[in-house]
Ligand SMILES: Cc1cc2nc3c(=O)[nH]c(=O)nc-3n(C[C@H](O)[C@H](O)[C@H](O)COP(=O)(O)OP(=O)(O)OC[C@H]3O[C@@H](n4cnc5c(N)ncnc54)[C@H](O)[C@@H]3O)c2cc1C
């Protein structure tokens, strides 16, 4: 195979970080820049790594967990927490960038929509990284807006000459983002307001020849459809990294 994958574990760490700035990248995507001296030693090796963000109850101070044998021990009640992608980390400035999709309502989305400099949040992890080594003949990166941070990170790190296609479903053209890349990247934006969707794209997608790699992250039902479609197309299961990033009608499918 022209590429291989492996997982790296990291020590679990909890950090408190402070919002340095918050800006709308697009109408439904807020970019939050977090700063903390605690971010010394922060490691994120994989483009689809995630951190667990802990949100203080409105009007309260975020408690500090104690390390336990099986991870962090929180005072009761444990603060609500959600998974987010480290979009960028600047080790010199100890600044971590997280991009939040703003949707109808949710603890994380509501927090991000009103975040202001000085607000404090907890950051756990990343506990592990998925590493893709070698050079697949082609790469297909698909997802909805929650996958944009991971896809953006991936295309920015690709080597010159790499063939990659990104297919991203967003609400409308105002939600499109521009990525810097050295790769030969084709970006296809699907607009929900024009009835374009990942599911209709999946029905007609064909895979190029050679050994390729597919990343797919979106709503859980869409991910199930993608797994089925790529299996039917004969993509080996270890050439697909598919992840449920959220579940319709369920507040944080991953809360722990
Ligand atoms: C590994 C991983 C990485 C992720 N990275 C990012 C990231 O970088 N940026 C990002 O924005 N999200 C990311 N997500 C998705 C994010 O964790 C979920 O969308 C999360 O549920 C949002 O929490 P919330 O408190 O806003 O909403 P919740 O309280 O969890 O949900 C409230 C309601 O909103 C719905 N909902 C949740 N998310 C969405 C959405 N995106 N669009 C429409 N409805 C929604 C739920 O179905 C539920 O009905 C990631 C998820 C995973 C697993």
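The table that follows gives values for the structure above.
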{"item": "Mean Cβ count within 10 Å, highest first, over the residues of peptides 105-118, 207-220", "result": "207-220, 105-118"}
{"item": "Per-selection Kirkwood Rh - region 135-246 (Cα, Å, 1 d.p.)", "result": "14.1 Å"}
{"item": "Euclidean distance between Cα centres, region 41-73 to region 137-155, Å", "result": "24 Å"}
{"item": "Cα Rg over Rh - region 3-128, Kirkwood", "result": "0.96"}
{"item": "Choice from 82, 70, 28 with maximal GNM fluctuation in the chain (Cα, 10 Å cutoff)", "result": "70"}
{"item": "222 nm mean residue ellipticity, helices alone, for the chain (DSSP H n ≥ 4; -39,500 (n - 2.57); rounded to 500)", "result": "-4000 deg cm²/dmol"}
{"item": "Compactness of region 1-48 - radius of gyration and Dmax, Cα, Å", "result": "15.5, 44"}
{"item": "Semi-axis lengths, Å, the chain, gyration tensor of Cα atoms, sqrt of 5 times eigenvalues", "result": "31, 21, 18"}
{"item": "Tilt relative to the chain, helix 148-157 - C-alpha long axis, 0 to 90 degrees, to 10", "result": "70 degrees"}
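Quick note: the coordinates plus some simple rules give every number you see, no bench work behind them. Quick caveat, the model's predicted, so the values are computed rather than measured. So basically every Cβ, Gly included, is an ideal-geometry build from the backbone, and we count neighbours across all protein chains shown.
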